[in-house]
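Novice: Pasting a structure here, questions to come.
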């Protein structure tokens with residue numbers, strides 16, 4: 001079962017996709033944020049074209065486990081997706097996904113100049129891999 005993961009941001013939206021076995025996450029693309037409804041329609045179209053059976057949305061939570069400002073934005077985005085598709089939509093804690101993406105680039109030896117690029121799709125990969133590993137335990 002393929003799973004599509006989304007790291008929604010205020011400027012860009014990172015998207016990742018699992019392999020058919022639901023074990024490995026890979027970067028799919030980065031979309032420019034337009035509006036909630038336009039973005040949701042684009043994600044639904046991606047889910048359909050990749051034959052994804054589930055959509056995972058990264059949600060930031062505070063130290064008490066409550067959604068932050070960005071986390072509440074993710075909830076609204078998930079709601080828009082649910083109105084456009086019958087696919088299950090799951091919110092998943094994205095704790096430190098952008099930080100982890102930055103650290104991963106460091107570990108890969110990416111130069112400082114290239115590290116300053118977008119981390120959105122890599123953050124989506126980290127969110128999806130976290131989800132996949134939690135579900136396979």
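The values are calculated or read from the model by the stated rules, or taken from the named source; none is laboratory data. Just so it is clear, the structure is predicted and the values come from calculations on it, not from any experiment. Cβ atoms come from the backbone with ideal geometry, glycine included; neighbour counts cover every protein chain shown.
Novice: Of these, 5, 101, which one is modelled with pLDDT of 85 or more and either buried (at least 17 other Cβ atoms within 10 Å of the Cβ) or not in a helix (DSSP H, G or I) (or both)? Reasoning before the result, please.
Specialist: Numbers: 101 fails: modelled with pLDDT of 85 or more.
5 is the lone residue from the list that is modelled with pLDDT of 85 or more and either buried (at least 17 other Cβ atoms within 10 Å of the Cβ) or not in a helix (DSSP H, G or I) (or both).
Novice: Now a separate question. Any idea how many residues of region 48-62 are over 19 Å from residue 130 (Cα atoms) and in contact with a strand residue (DSSP E or B) (Cβ under 8 Å, 6 or more places away or on another chain)?
Specialist: Restricting attention to region 48-62, the residues satisfying the condition of being over 19 Å from residue 130 (Cα atoms) are 48-51.
Those left that are additionally in contact with a strand residue (DSSP E or B) (Cβ under 8 Å, 6 or more places away or on another chain): 50-51.
Total satisfying the criteria: 2.
Novice: For region 46-62, which positions are within 18 Å of residue 120 (Cα to Cα) and at pLDDT 90 or above?
Specialist: 46, 47, 55, 56, 57, 58, 59
Novice: While we're on this one: Among the numbered criteria (1) more than 19 Å from residue 69 (Cα to Cα); (2) free of Cβ contacts under 8 Å to residues at least 24 places away in the same chain; (3) in a loop (DSSP other than H, G, I, E, B), which one does residue 34 miss?
Specialist: For residue 34, the exception is condition (1).
Novice: Do we find a residue being modelled with pLDDT of 90 or more, surrounded by fewer than 17 Cβ atoms within 10 Å (Cβ to Cβ), in contact with a strand residue (DSSP E or B) (Cβ under 7 Å, 6 or more places away or on another chain) and in a strand (DSSP E or B) anywhere in region 63-84?
Specialist: yes
Novice: Still on this structure: Which of the numbered conditions does residue 26 fail, given that it passes all the others? Conditions: (1) in contact (Cβ under 8 Å) with a residue 24 or more places away in the chain; (2) more than 16 Å from the chain's Cα centre (by Cα); (3) surrounded by 12 or more Cβ atoms within 10 Å (Cβ to Cβ).
Specialist: Condition not satisfied by residue 26: (2).
Novice: Can you say whether residue 40 is within 17 Å of residue 121 (Cα to Cα) and touching a helix residue (DSSP H, G or I) at 6+ places or on another chain (Cβ under 7 Å), as far as the supplied structure shows?
Specialist: Values: within 17 Å of residue 121 (Cα to Cα): yes; touching a helix residue (DSSP H, G or I) at 6+ places or on another chain (Cβ under 7 Å): yes.
Taking the combined requirement at face value, the residue satisfies it.
Novice: Moving on. Which residues, taken from region 85-97, are closer than 14 Å to residue 5 by Cα and either touching a helix residue (DSSP H, G or I) at 6+ places or on another chain (Cβ under 8 Å) or crowded, with 16+ Cβ neighbours inside 10 Å (or both)?
Specialist: First, pick out the residues of region 85-97 that are closer than 14 Å to residue 5 by Cα: 87-94, 97.
Result: 87, 89, 90, 91, 92, 93, 94, 97.
Novice: While we're here: Going through region 8-23 one residue at a time, which ones are in a strand (DSSP E or B) and either surrounded by 21 or more Cβ atoms within 10 Å (Cβ to Cβ) or at pLDDT 95 or above (or both)? Before the answer, list the steps.
Specialist: To start, the set of residues in region 8-23 that are in a strand (DSSP E or B) comprises 8, 12-18.
If the condition is that a residue be in a strand (DSSP E or B) and either surrounded by 21 or more Cβ atoms within 10 Å (Cβ to Cβ) or at pLDDT 95 or above (or both), then 8, 13, 14, 15, 16, 17, 18 are the ones that fit.
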